Structures are given as structure tokens and as C-alpha cells.
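Values quoted throughout were computed directly from the atomic coordinates according to the rules given, and no laboratory measurement underlies them. Treat the numbers as computed from the prediction; the structure is a model and nothing was measured. Cβ sites come from the backbone with ideal geometry, for glycine too, and all protein chains shown count toward neighbours.
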Amino acid sequence: MRYISTRGGIQPIGFKDAVMMGLATDGGLLLPESYPQISRSQLDGWRSLSYAELSWQIISRFVDDIPGDVLKELIDRSYATFKHPEVTPVVRQDGVYILELFHGVTLAFKDVALQLLGNLFEHILAERGQHLNIVGATSGDTGSAAIHGVRGKKGITIFILHPHGKTSPVQALQMVTVTDANVHNIAIRGTFDDCQNMVKALFNDLEFKKKHSLGAVNSINWARVLAQVVYYFYAWLRVTDSGDQPVSFSVPTGNFGDIFAGYVAKRMGLPMGKLLLATNENNILTRFVNGGDYSLTDVVATVSPSMDIQLASNFERYLFHLYNQDPKRVQLAFAELKETGRIAFSAAEMEQVQTDFCSASVDQAATLETIGSFHKETGYLLDPHSAVGVRAALDLFSVDTARICLATAHPAKFGDAVEKAVGAPAPVPESIAALTGMETRCSVMDADLEQVRKFVVAHAA
Ligand SMILES: *Cc1c(COP(=O)(O)O)cnc(C)c1O
């Protein structure tokens, strides 16, 4: 399988190069040249597979430059870290299915992708005799999942900047209690934007970037999307038998990575209805799907902070397909966005969009109300991100379809919102309780680029 860029500016490359490249060098995103097709009989033959076995079946179809047994070992090791034997179990509550994606080490769905990415990095770097210095900024979830994905791994050093005192206490503890020698937490006296701007400045200094082999782990890495394709298949296999039940997925969306993985599953032949793209008040993608209005506005802070995003980085991958794989059209669209703050779509394009997706925006009041009412009906606690998807599914999907709602975080991770919704704190899992009192390591700094740069130089391998 070869990988190409949505902007058309690179020669096709293999999977390992795609993983190491992250963002394509022409500024585009990497995609496979084609999608492997899975027949219905093949699908039915996968019903008895474990999560890791299914993962290998799917992922190996996209990888032809890592030997099968080696890839299998990397996958097995990645999913052995999950606390649930099914890795991503599906539970039925109040007429909907909840696909629980939060049984990884940091209790959010990003572990599914970042555990595998960490192992892929380690394998490829060892083979090439290289070292990678990962630098990233986080407002919470991605940073902690990335740190846990690479802690203790050979050939990798990671620097994660977070705004001092501005992440949730659980998120901060999940980062600073990782004391492995290759992990450097940097708490910045400033905002998340300060952190992100300093990381961008380091990456824009191309000489610095090359000299210190800087790399990123943001959600545009193809391997992250690929790892997430698996749980759509896994959930489908759990809620169907050999009949023809209609199945639909509802996906709480921020950077469009998770829902794009669902789109890939569909293109591979997984039978499903329209993908439901659920947003909070940051609803540019809902305005796009429902009315063709793709225009940027300011980011609003909500109770589902991991979805407080305007410019969804993975959206470009979908645009590439909407434009029939024409990189020129993608370039023009982004030039238009830069110039006017919006992208305009034709009637024919919107018809295609509305065949692929439906969408709803769920505001904070409705999110909290849903956590409360769902808990009252079922005793089951949703986190605010998952609640956005559940509310949208209850509103938009018909009851005669198997409605699968992706649950992207454990409720205890966003305890304040949950407590507000149900009037009592979410039970704290043992893994979170155990963080209090653990040894911590973190360097606190001002939002001063030179200070951060010096720190990275001093600690980079
Ligand atoms: C990252 C995240 C999302 C959004 O996923 P995208 O792939 O960015 O669309 C939703 N919920 C939680 C808890 C997250 O951490």
C-alpha cells in the first residue's frame, strides 16, 4: 500500500515513511492510494476474533513494509495495556449502544491510537537507527495519551507543554506522574495558545527542527486514523448477527479524526447508514453538513473541551474525497479559506456530503441535561463529550436502526460537569485515585520561547 498527499506534492511513499512523516512535506495530509475492500462473508468470518486479532486483520491490509508477525506483536502489545478484556466493549443502555473507547491508560479514546503509534515509532526508529524528539502542546487529553504512548520507549524523547493550572486536575496528574527519563512535562505560566504558538515556532525554525529531529504526534498522523478504523468494525460485529440490521454511528467530533476513521470503514465496505457528526457550540462542521456553511468563527469554551475546535485538521482528508481525489481542488479550497474565511460548496457536492453524513449541534445545557436524564433512566454515567453524541443520536436516528454512540472519555475525567449534571460526583476509578500522592516531575516556565528552546536542546537526545 502506497500513501499520497491530499495536496499532490509528494511521490507515493510506504506505510513506515507515512508514519514518520506525519504531516505531508507539501503541507497536505497523507492517505492510502486506495481502500482495501472487505466483503460481507469476510466480515461474518471475523465475528469470533478478539480486538487485537481484528485489529491485525484490518491494519495489515494497509501495511506492506512491516512483516506480519512483527506487526502482530506491536498490535498485541498496544492493546494489552487496556483494562477491559474486550478493549472497546459495547454496552446497551436505553435503546442505544455505547461503544466504550475509554478503557486505556488515560481513560480517553486517544489511547486506542497513541498506544499503537508509540510502538510503531519505536519499531521504525530502532530499525533505522534513528532518534525522535517529539514536541507538542496540549490542553489535556492528547498530551497525556501521547506521553503514555511513548513512556520508556527506546529512541524517543517527548516534550509536552501544557498551560500551568489550566488543565483539569486529573489531566495534569496523568501527565506529571509519568517520571520516565524520556518524558519531559513543561508547565507554562500562560494559556494553551501560548503553548501551541511556542511549539509552532520551534517547528517553523526548519534548521532547528532538522538538527534536533523534531516530530509531532497530533491527530493528522495516518496511523492514528487507521487504528481507529478498527473499533467501527468491532462494534458492528457486536451489534449484528448474520442478518441485515441497519447500523448507524454517532461520533462526538472535534478534529474530525475519529469520524474520518468511520468514513474509511464505510469506504472499506462496512455496512452503515449516514455517519452522525455531533458537535458542541463549536459547530462549523454541523453548519457545513446541514447547510453548506463552512465559515470560521471564534472558538467557544464548553464542558466538552476536547471538541472546542474550529479548524478541524482531518477535514482535509474528507475534502480530498469530496473533490474526487483532485489535489488541485484541495489547494484551491484552502486558498479560498485563507482569503475569505470560508469555503463554498456546489449543490452536487452538498448532495454527496448529505449522503455521507448527518449532523447536530448540542449545546451545553442540552449536554448536561442528557447526562442527567440518561443517568436517571439507566444508571449509566456519560462524560460530556459522549453525551453530545448520545443526544444527537436520540434526536436524529430512527429507533429501528442499531444506534452506536462512541463514548470517548470516562465520566470521571470530566468530573465537574458530571457532578453539575447529576448532583453527585462521578465515582473515581482506582487508576485515577492512585495518581494522588505519586511522585511527579514537571518543569514550570514562563511563556518564553528562548527558555523552552534551551530546555529542549539540553534534554533532546
Ligand atoms: C479528542 C477528543 C474528541 C474529538 O475527537 P476528534 O478525533 O478530534 O474529532 C472527543 N472526545 C474526547 C474525549 C476527545 O479526547
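Note down, for the stretch 270-355, the three equivalent ellipsoid semi-axes (square root of 5 times each alpha carbon gyration tensor eigenvalue), biggest first, whole angstrom.
21, 18, 12
Taking a ≥ b ≥ c as the square roots of the Cα gyration tensor eigenvalues, the stretch 1-107 comes out prolate, since a/c reaches at least 1.5 and a/b is larger than b/c. Using every pair of distinct Cα positions in the stretch 237-320, the Kirkwood expression returns a hydrodynamic radius of 14.0 angstrom.
Classify the stretch 52-201 as rounded, prolate or oblate from the Cα gyration tensor: take a ≥ b ≥ c as the square roots of its eigenvalues, call it rounded if a/c is under 1.5, otherwise prolate when a/b beats b/c and oblate if not.
It is oblate, given that a/c is not under 1.5 and a/b is not larger than b/c.
In this structure, Glu53 and Tyr380 have a Cβ-Cβ separation that, at R0 = 30 Å, corresponds to a calculated FRET efficiency of about 0.60.
I'd like the FRET efficiency for Glu430 and Met350, computed as 1/(1 + (r/R0)^6) with the beta carbon distance as r and R0 of 51 Å, rounded to 0.05.
Values: r = 49 Å, r/R0 = 0.95.
The calculated FRET efficiency here is 0.55.
Quick one: Debye curve from the C-alpha atoms of the chain, no solvent, what's log10 I(q)/I(0) at q = 0.10 Å⁻¹? Values returned for q = 0.10 Å⁻¹ are -0.71. Annotation for the stretch 284-330: chymotrypsin sites (Phe, Trp or Tyr not before Pro) lying in DSSP loop with at most 15 further Cβ atoms inside 10 Å of their Cβ do not exist.
Over the stretch 298-340, the ratio between the Cα radius of gyration and 2.2 N^0.38 Å evaluates to 1.43.
Remark on the stretch 113-225: Rg and Dmax equal 13.5, 39 Å (Cα only). When the Cα convex hull of the stretch 301-429 is projected onto planes of every orientation, the mean area is 10.1 nm². Note on the stretch 175-262: the C-alpha convex hull projects to 9.0 nm² when averaged across all orientations. In this Cβ point-charge picture (+1 for Lys and Arg, -1 for Asp and Glu), the stretch 62-118 has a dipole of about 240 debye about its Cα centre. Considering helices alone, the calculated mean residue ellipticity of the chain at 222 nm is -13500 deg cm²/dmol, with DSSP H runs of length four and up weighted by -39500 (n - 2.57) and normalised per residue. Model label points for Ser443 and His131, set 7 angstrom from Cα along the Cα-to-Cβ axis, are 1.5 nm apart.
What is the extension gain from Leu337 to Arg2, computed as 0.36 nm multiplied by their sequence separation minus the C-alpha to C-alpha distance, in nm to one decimal?
Numbers: separation 335, 0.36 × 335 = 120.60 nm, distance 2.91 nm.
That works out to 117.7 nm of additional length.
Put the Cα centre of the stretch 383-418 next to the Cα centre of the stretch 100-152 and the gap is 25 Å. Among Gly136, Gly104, Val91, flag the residue with its Cα farthest along the positive direction of the charge dipole of the stretch 36-157, charges on Cβ as +1 for Lys/Arg and -1 for Asp/Glu. Checked the options; the winner is Gly136.
Ranked highest first by average number of other Cβ atoms within 10 Å, how do 106-112, 407-413, 188-194 line up?
Details: 106-112: 28.0, 407-413: 26.0, 188-194: 17.0.
With the highest mean Cβ count within 10 Å placed first, the list reads 106-112, 407-413, 188-194.
Distance between the modelled labels on Leu396 and Asp94, one decimal in nanometres: 1.9 nm (7 Å Cα→Cβ projection). Taking all Cα pairs closer than 8 Å and separated by 6 or more residues, the relative contact order of the chain comes to 19 percent.
With distances taken between every two different alpha-carbon atoms, the stretch 68-136 has a Kirkwood hydrodynamic radius of 13.7 Å. Protection proxy ranking of 89-100, 230-241, by the mean of other Cβ atoms within 10 Å over each peptide's residues and highest first, is 230-241, 89-100.
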